[in-house]
Amino acid sequence: MTAPELLPGTRRALLRRVAVGQAQGRTPSLAAAVVRGGHLVWTGARSMIEGHAPDENVQYRIGSITKTFVAVLVMRLRDEGLIDLADPLEQHLPDTAAGGATIRQLLSHTSGLAAETPGPWWERTAGELRPELGHLLEDQPFRHATGERFHYSNTGYALLGALVAKVRGLPWGEALRQEVLEPLGLTRTTLLPQAPHAGGFAVHPWADVMLPEPLTDTALMAPAGQLWSTTADLARWASFLAGTAAGGAEKVLAPATLAEMRLPAGAPEGDWTACYGLGLQLLRRDGRLLIGHGGSMPGFLAGLWLSPEDDVAAVTLTNVTASAAVWDVAIDLVAIVAEREPRIPEPWRPFTDADPELLALTGPWYWGPTALALHLRAGQVLELTALGSQARSSAFQPESDGTWIGLEGYYAGETLRVVRADDGSVSHLDLGSFVLTRTPYDPAGAVPGGVDPLGWHAG
């Protein structure tokens, strides 16, 4: 089933936003694509050359969007049991000055490693200057204690690429091609540019003139930002990251693993606006959660952002070194589609395989005097919601041992158990030691501290 075509007014608004971005951003070209429902529904471009806008097959350098590909390779290793995210790097890649950082910390930029390599600037110099991993790090490469705080690290992702190569026994780029690019049909995503591709330029900050940027091969630093791709390929990649891609994408990475990558790696406190997952950036913008990544290399800027709630993603590729006016174009394209053509929800349908014992658990429950309701959803998912209070809520997925594990909020990772009396009837629910009973402070339930024998009374 293909996604409905966008309305003419929406398409014009998208093209106008791209045109404004190209003009105000003073970029030689700007190419864009929009995905909805897992399908490419719009492409557009503007160029400084009249009548010569790039199409969806033209390659641009995508910078740090490369990190999303590296993260998928690492998560594949985890899912195969070859590594654990809690493993220190030195367990699999010994003899680096960063061996004490864990794989999870490297993925989430919480390793404390320096952001960049020792000079010269790696993005504009040939990779041959750093032929060994040791050349990527200073003798004391940590800027912060491991796990202490978020600190973006390009060198951390170079080490993750080396980790993939070590565990797989082949270059990380070859592992990427075999395990990810070919299965997903990303035939125009490559380590080095392949025609047709855009040239990268710097635009003078105070004059409308340009300077070509060198197209360097960064070698060992390539996992931090080397890849070249197209709007068509990145549209497919966005669908994959969103979990809406068809055609056997689950063989590349399980949907549950992709969902894990899209969560904050260290849940931020308060009303956060930006954080990082496992290889993915997370933003909150105008009430909308956006997941994706930005990218920059000399001569190029890129953006890939998706809104899971709206089921819309957008990609932008430009060939300019620096331009504040183009950073938000992809985000704005998502908003244009989401606001002009809001997602139509799937119709409600009942499920036919409801377990009678689970059905009997539904309805009101009480944590002390706090009223809650337990709902049964498809897939034997239990959903606990508050009734007229600010009590904590969560969905719970079933486990093979007959328990349920919380999926969100306060109860994320906590266990929900059904406790039965000697006669087999349900006595109460145990939620991480909290006792839920069918009536408030049920004297027949195992309420910690017991229940006053007088019961409820006027005082």
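The values are calculated or read from the model by the stated rules, or taken from the named source; none is laboratory data. Just so you know, these numbers come straight off a predicted model, no measurement behind them. Virtual Cβ from ideal backbone geometry, glycine too; neighbours counted across all protein chains shown.
The condition of being in the same structural domain as Leu30 (by TED's automatic domain parsing), touching a strand residue (DSSP E or B) at 6+ places or on another chain (Cβ under 9 Å) and touching a residue at least 60 places away in the same chain (Cβ under 8 Å) does not hold for Pro214. Against the criterion of being modelled with pLDDT of 95 or more, surrounded by fewer than 20 Cβ atoms within 10 Å (Cβ to Cβ) and of a type outside the set (Phe, Trp, Tyr), Glu341 qualifies. In a residue-by-residue description of region 49-57, the property of being touching a Leu at 6+ places or on another chain (Cβ under 7 Å) and either in contact (Cβ under 8 Å) with a residue 24 or more places away in the chain or closer than 24 Å to Ser307 by Cα (or both) applies to no position. If only residues of region 124-155 that are touching an Asp or Glu at 6+ places or on another chain (Cβ under 9 Å) and modelled with pLDDT under 95 are counted, the one that is nearest to Leu282 (Cα to Cα) is Arg124. When you look at Ala232, is it assigned to a strand (DSSP E or B) and at pLDDT 95 or above, yes or no? No.
All conditions in (1) within 22 Å of Gly127 (Cβ to Cβ); (2) within 27 Å of the chain's Cα centre (by Cα); (3) among the polar types (S, T, N, Q) hold for Thr216, with the sole exception of (2).
Of the candidates Ala97, Ala86, the single residue that is touching a Lys or Arg at 6+ places or on another chain (Cβ under 8 Å), in the same structural domain as Gln226 (by TED's automatic domain parsing) and surrounded by fewer than 20 Cβ atoms within 10 Å (Cβ to Cβ) is Ala86. Screening Pro347 on (1) in contact (Cβ under 8 Å) with a residue 12 or more places away in the chain; (2) out of contact with any Asp or Glu (no Cβ under 9 Å at 6 or more places or on another chain) shows it passes everything except condition (1). Here Ala33 passes the criteria (1) in a helix (DSSP H, G or I); (2) within 26 Å of Ile336 (Cα to Cα); (3) of a type outside the set (Val, Ile, Thr) except the one numbered (1). Just one of the listed residues (Glu174, Glu148, Glu123) is within 25 Å of the chain's Cα centre (by Cα), of a type outside the set (Phe, Trp, Tyr) and buried (at least 20 other Cβ atoms within 10 Å of the Cβ), namely Glu123. Here the condition is being under 30 Å from Gly112 (Cα atoms), hydrophobic (A, V, I, L, M, F, W, C) and modelled with pLDDT of 95 or more; of Ala158, Ala195, it holds for Ala158 alone. Only a single item in (1) surrounded by 15 or more Cβ atoms within 10 Å (Cβ to Cβ); (2) in a loop (DSSP other than H, G, I, E, B); (3) of a type in the set (S, T, N, Q) is not met by Thr155, and it is number (2).
One residue stands out among those in region 59-84 that are farther than 27 Å from Asp233 by Cα and without any contact (Cβ under 8 Å) to a residue 60 or more places away in the chain: the one that is farthest from the chain's Cα centre (by Cα), which is Gly81.
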